[in-house]
Number of protein chains: 2
Amino acid sequence: MTDKTPSPAEAPDVADDNTPLHRYRMVIEYDGTELYGWQFQPELPTVQGLLEDATQKLCGQLCRYQAAGRTDAGVHALGMVVHVDLPKHYGPFKVWEALNFFLMDGPVSILSVDKVDESFHARFSCTRRAYCYHMVSRRAPLSILRGKAWQVKARMNLDAMRDAAKVLIGTHDFTTFRNTECQSKSPVKTLDQLDISQDGDNIYFHVAARSFLHHQVRSMVGCLWLVGRGKWQTRDMVAALEARDRQALGYNAPPDGLYFLSADFDSETPTES
Amino acid sequence: MTDKTPSPAEAPDVADDNTPLHRYRMVIEYDGTELYGWQFQPELPTVQGLLEDATQKLCGQLCRYQAAGRTDAGVHALGMVVHVDLPKHYGPFKVWEALNFFLMDGPVSILSVDKVDESFHARFSCTRRAYCYHMVSRRAPLSILRGKAWQVKARMNLDAMRDAAKVLIGTHDFTTFRNTECQSKSPVKTLDQLDISQDGDNIYFHVAARSFLHHQVRSMVGCLWLVGRGKWQTRDMVAALEARDRQALGYNAPPDGLYFLSADFDSETPTES
C-alpha cells in the first residue's frame, strides 16, 4: 500500500540490449489470511514468494514480480495487477494455465495474463488504485467471514460516517493516517473516493486514489469506526487530519477487511492475450 | 440433510415430571470447511460437538443439541436452527454471550438465542428447509472462496439448466438423487423451489422443501452442471429421475458450495428473547 519512488535497486528491470523482454501483465486474486503480505520473505509464504516459486517451476529461473500494491499480511486482493519478465516467449494462455497449476489451489490465483510491452510497469505506471474495506456490524462473532472482514459490535451511524469521510476527500497531508514505517517520500496524497455503503450487517468502504500511504486505508476506516459508534464527531476527524501526527490517530483497523480491488493504467495496450 | 422418522433413542428429550425444561432455540452460522459435519464424532470437530463442548463449559454437564438439518462435512450454514435443553434457567442474552465466548472465534457462531416452550423441536417441528448452492463458473482456481464454492471451468447455459430444473420441482421419488446411506423412510419428497440466478461468474441455486434426502441438493446440482455444460439435456434429467436408481445419477456436486440458509416452523413463539 506504499508508493515509493524507485531506488536504483528497485528500478524496473532492463534487459541487455540483445535480450528482448517478454513482459507479462497479470490480474491476480489472493486470500491474505495465511499470507505474510505481498513482499518476498525467506521461509514465509508471501504473494510475491508464491508467484516466484510457481514461475521458477515454469521457467527454471527466478523472475521477479512487481505489483501495483504491496499489501500487508492479512490483506486480500480481488484484482491486484502485477508484471513479470520471463526469459523467453510463452503464449499468455500457457503462462496462465501453467502458473495456476504450479500455484496448486493455494491462496493465490491468476485471473488473467496478457503480454505487454516493456513500457508497462505494474507499480510505476499505475495511475489509480482502488480498495474495498469490509466491516460487519453485528454482535455475533464471524464464522464464514473469519479473517475476511472486521466485525464491530456497535451499530454504526452511516450518516455521521459519511459526513466525516468528506473531510478526507481531496489533497491533504495524511501524516496522521500513515504508518511510521511508511517509506513514501511525501505524506501528501489525493484521495479521490471514500464512499460508504450498507447491505444488512455489511458495511463497505470504497476507496480510490492515485496512491496511498502505508496503512492509510486502515487508519481512515479505524477513525470512521469511532465516528460511526459516536465516539468521534466530524470535528475530531478534522483535528486528527490537521494534527499531521500519528499520535492523533484514533484507531487503525485490522487487515482482515481490506481488499485490493483494481489498478488502472494510463494506456492499457496488451500486445497479445 | 436427511429427514429421519424419530427412533425411540432420538425422540425429543422429555424431562421428569418435576423438572421444568429450559429449552432454547438458536440460529447459528458455521464455516464447514474444517468441520466433519453436524453430527458429534469423538475426537473430531463437528458442529454439534463444538456446541456441546461450549455448553458444557456454561452448564457443567452435557446438553444434547438437535438441528433442523444435519449437514455433511464441508457444508456451511448461514441460518441453521438448533435447540437445546439447559438444566436451569439462564437469560437468553446470557446464553448467547456465554456460548459465543466459549466457542472462541472458531468456525461456529451463534446469531440469536430465544427461550421457547417444549413443543418446539428444531428437527421435528421444521416445516421448510432452504439451501443455497454457490457455483463459480470460471477458469481460474478459487482463492478467497476456496472451500466456500464449487469452481467449474465450463461456461454454464443458464436457460438449459432452468429448463431441466423444472423437471425436479414437485413431488417425486428422488431415489436417484439420494445417497445410499440415506436413512429417510421414504424416497418421495416434494421440492418446492429450485431457482437459479447469476451474478458475474457466480451462479446460485436456491432450493427449498419440507425436507430433503441425504445428498439430494448436491446430486441435483451435480446433474444441473452436466446440463449447463451441454453434456445432458432436459430429457436426461427426466430419465435420471424416472430411473429411481442411484446408478443413474450424473454427478454429485462437492460439499464446498452448499449453505444451509434457513428453517421455518409452523408456529414460532419464543417465550422470551
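Here are some residues: B:Val75, B:Val95, B:Val136, B:Val116. Which one is closer than 16 Å to B:Tyr30 by Cβ, in contact (Cβ under 8 Å) with a residue 24 or more places away in the chain and either assigned by TED's automatic domain parsing to the domain that holds B:Gly228 or in contact with a Phe, Trp or Tyr (Cβ under 9 Å, 6 or more places away or on another chain) (or both)?
B:Val75
Could you list, in sequence order, all residues of the stretch A:118-144 that are within 19 Å of the chain's Cα centre (by Cα) and under 21 Å from A:Leu224 (Cα atoms)?
Once the filter is applied, which keeps residues that are within 19 Å of the chain's Cα centre (by Cα) and under 21 Å from A:Leu224 (Cα atoms), the stretch A:118-144 yields A:Arg129, A:Ala130, A:Tyr131, A:Cys132, A:Tyr133, A:His134, A:Met135.
Can you name the residue in the stretch A:147-161 that is touching a residue at least 60 places away in the same chain (Cβ under 8 Å) and either within 11 Å of another protein chain (Cβ to nearest Cβ) or outside any loop (DSSP other than H, G, I, E, B) (or both) and is also surrounded by the most Cβ atoms within 10 Å (Cβ to Cβ) among such residues?
A:Met161
Looking only at residues in the stretch A:57-78 that are in a loop (DSSP other than H, G, I, E, B) and within 14 Å of another protein chain (Cβ to nearest Cβ), which one is surrounded by the fewest Cβ atoms within 10 Å (Cβ to Cβ)?
Here the residue is A:Gly74.
Would you mind finding the one in A:Val113, A:Val81 that is touching a Ser or Thr at 6+ places or on another chain (Cβ under 9 Å), more than 11 Å from chain B (Cβ to nearest Cβ) and buried (at least 20 other Cβ atoms within 10 Å of the Cβ)?
A:Val81
Scan the stretch A:175-200 and report the pairs whose first residue is within 30 Å of A:Arg138 (Cα to Cα) and assigned to a strand (DSSP E or B) and whose second residue is of a type in the set (Gly, Ala, Ser) and at pLDDT 95 or above, with Cβ atoms within less than 6 Å and a gap of 6+ or a chain change.
What qualifies is A:Leu191/A:Ala209; A:Asp192/A:Ala208; A:Asp192/A:Ala209; A:Gln193/A:Ala208; A:Leu194/A:Ala165.
Pairs, please: C-beta under 6 Å, at least 6 apart or cross-chain, first residue modelled with pLDDT under 80 and in the stretch B:16-30, second surrounded by 22 or more Cβ atoms within 10 Å (Cβ to Cβ)?
Listed by first residue and then by second, the contacts come to nothing, as the list is empty.
In the stretch A:96-105, which residue that is touching a helix residue (DSSP H, G or I) at 6+ places or on another chain (Cβ under 7 Å) and crowded, with 18+ Cβ neighbours inside 10 Å is farthest from the other protein chains (Cβ to nearest Cβ)?
Restricting to residues being touching a helix residue (DSSP H, G or I) at 6+ places or on another chain (Cβ under 7 Å) and crowded, with 18+ Cβ neighbours inside 10 Å, the top hit is A:Ala98.
List the pairs whose first member sits in the stretch B:218-245 and is free of Cβ contacts under 8 Å to residues at least 60 places away in the same chain, whose second member is in a helix (DSSP H, G or I) and of a type in the set (Ser, Thr, Tyr), and whose Cβ atoms are under 8 Å apart, counting only residues at least 6 apart or on separate chains?
B:Ser219/B:Thr176
Give the stretch B:223-250 a look and list any residue that's touching a Leu at 6+ places or on another chain (Cβ under 9 Å) and within 16 Å of B:Leu194 (Cβ to Cβ), or say none.
B:Cys223, B:Leu224, B:Gly228, B:Trp232, B:Met237, B:Ala240, B:Leu241, B:Gly250, listed by residue number.
Could you list, in sequence order, all residues of the stretch A:117-146 that are buried (at least 19 other Cβ atoms within 10 Å of the Cβ), more than 8 Å from chain B (Cβ to nearest Cβ) and among the small types (Gly, Ala, Ser)?
The answer is A:Ala122, A:Ser125, A:Ala130, A:Ser137.
The values are calculated or read from the model by the stated rules, or taken from the named source; none is laboratory data. Bear in mind the structure is a predicted one, so any value in this text is a computation, not a measurement. Neighbour counts are summed over all protein chains in view; Cβ atoms, including those assigned to glycine, are modelled from backbone coordinates with ideal geometry.
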